[in-house]
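> This structure is in structure tokens; I'll ask about it shortly.
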Amino acid sequence: GIQVEQSPPDLILQEGANSTLRCNFSDSVNNLQWFHQNPWGQLINLFYIPSGTKQNGRLSATTVATERYSLLYISSSQTTDSGVYFCAVENDYKLSFGAGTTVTVRA
Amino acid sequence: DGGITQSPKYLFRKEGQNVTLSCEQNLNHDAMYWYRQDPGQGLRLIYYSQIVNDFQKGDIAEGYSVSREKKESFPLTVTSAQKNPTAFYLCASSAQINQPQHFGDGTRLSIL
């Protein structure tokens, strides 16, 4: 099956800092989603981004499908940004998830 | 409000018992999915259903069963054949297959 690798595995930020999370995938995909899982386990959609760039407030994402990677940017981080960020790629009707990046934002 | 409701939030199972996790959606979505999440890991697909009365195995279907008798409901049964059932179970739906998936709040299953 398709392999999804996320980096870094852990990230500690000071409030107000910017950061970039990366997602590499091993094969061509139909779609790509970024999710944020909060400490209570809720999985929130951030972006549905098979290609191109999208922005939503302080978050933005870029997917370069031809090079098989996607980037998630967090600007001016806040403590509420803490949690695990997952990249998931869709191929053959199935979503395959990476292991996630755990982000901790300190006040 | 439209959304996906999973129940219960917490579930305890004795050895040898089957348990059923509920997932209901009022989004009028055709496709529904079940995932399992183990600590520190990403989600893995158990089963998915594109339409009513149809479902397909995912990557880790052994020890699980599902039904899709109604569009809005996709219950998951964890059978006694599942040797390591302790995990966090998440249900999702999408308007159609290949569309963005939206998730419920999950059920935590533990073995007594």
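> Scan the stretch B:22-56 for residues that are of a type in the set (D, E, K, R) and out of contact with any strand residue (DSSP E or B) (no Cβ under 6 Å at 6 or more places or on another chain) and jot them down.
Within the stretch B:22-56, the first condition is being of a type in the set (D, E, K, R), and the residues that meet it are B:24, B:30, B:36, B:38, B:44, B:54.
Those that are of a type in the set (D, E, K, R) and out of contact with any strand residue (DSSP E or B) (no Cβ under 6 Å at 6 or more places or on another chain): B:Asp30, B:Asp54.
> Is it fair to say A:Gly83 is at pLDDT 95 or above and within 21 Å of B:Pro100 (Cβ to Cβ)? Spell out the reasoning first.
Values: at pLDDT 95 or above: yes; within 21 Å of B:Pro100 (Cβ to Cβ): yes.
Yes, satisfied.
> Then there is this: Residues that are away from chain A (no Cβ under 14 Å) and surrounded by 16 or more Cβ atoms within 10 Å (Cβ to Cβ): which strands (runs of 3 or more DSSP E) entirely in the stretch B:53-112 hold 1 or more of them?
Working: elements: B:64-66, B:76-78, B:87-94, B:107-111.
Answer list for the stretch B:53-112: B:64-66, B:76-78.
> Of all residues in the stretch A:48-70, how many are in contact with a Leu (Cβ under 7 Å, 6 or more places away or on another chain) and crowded, with 17+ Cβ neighbours inside 10 Å?
Qualifying residue count, the stretch A:48-70: 6.
> Also: Assess whether A:Ile12 counts as being open to solvent by less than 40 Å² (accessible area, probe 1.4 Å), more than 30 Å from B:Ser49 (Cα to Cα) and modelled with pLDDT of 95 or more. Working first, answer last.
Values: open to solvent by less than 40 Å² (accessible area, probe 1.4 Å): no; more than 30 Å from B:Ser49 (Cα to Cα): yes; modelled with pLDDT of 95 or more: yes.
Considered against the rule, which asks whether it is open to solvent by less than 40 Å² (accessible area, probe 1.4 Å), more than 30 Å from B:Ser49 (Cα to Cα) and modelled with pLDDT of 95 or more, A:Ile12 comes out as no.
> Specify the residue that is nearest to the other protein chains (Cβ to nearest Cβ); the eligible residues are those in the stretch A:17-26 that are farther than 14 Å from A:Thr63 by Cα and either without any contact (Cβ under 8 Å) to a residue 12 or more places away in the chain or open to solvent by less than 50 Å² (accessible area, probe 1.4 Å) (or both).
That would be A:Ser19.
> Also, I was wondering about something else. Going by what's in this entry, would A:Ala65 be described as touching a residue at least 24 places away in the same chain (Cβ under 8 Å) and either touching a helix residue (DSSP H, G or I) at 6+ places or on another chain (Cβ under 6 Å) or within 13 Å of another protein chain (Cβ to nearest Cβ) (or both)? Before you say what the answer is, go through the steps one by one.
Numbers: touching a residue at least 24 places away in the same chain (Cβ under 8 Å): yes; either touching a helix residue (DSSP H, G or I) at 6+ places or on another chain (Cβ under 6 Å) or within 13 Å of another protein chain (Cβ to nearest Cβ) (or both): no.
So A:Ala65 fails the test.
> Condition first: surrounded by fewer than 16 Cβ atoms within 10 Å (Cβ to Cβ) and either modelled with pLDDT of 95 or more or part of a strand (DSSP E or B) (or both). Now tell me which residues in the stretch A:27-47 satisfy that. Walk me through how you get there before you give the answer.
Residues of the stretch A:27-47 that are surrounded by fewer than 16 Cβ atoms within 10 Å (Cβ to Cβ), as a first pass: A:27-28, A:30, A:38-40, A:42, A:44-45.
Across the stretch A:27-47, the qualifying residues are A:Ile44, A:Asn45.
> If B:Gly16 meets every condition in (1) at pLDDT 95 or above; (2) open to solvent by less than 80 Å² (accessible area, probe 1.4 Å); (3) over 30 Å from A:Ser7 (Cα atoms) apart from one, which number is that one?
(1)
The values are calculated or read from the model by the stated rules, or taken from the named source; none is laboratory data. Not measured: the values here are computed from a predicted model. Ideal geometry is used to build each Cβ from the backbone, glycine not excepted, and the neighbour counts take in all protein chains shown. The accessibility values were calculated without ligands, DNA or RNA, using every heavy atom of the protein model including side chains. Shrake-Rupley method; radii C 1.70, N 1.55, O 1.52, S 1.80 Å.
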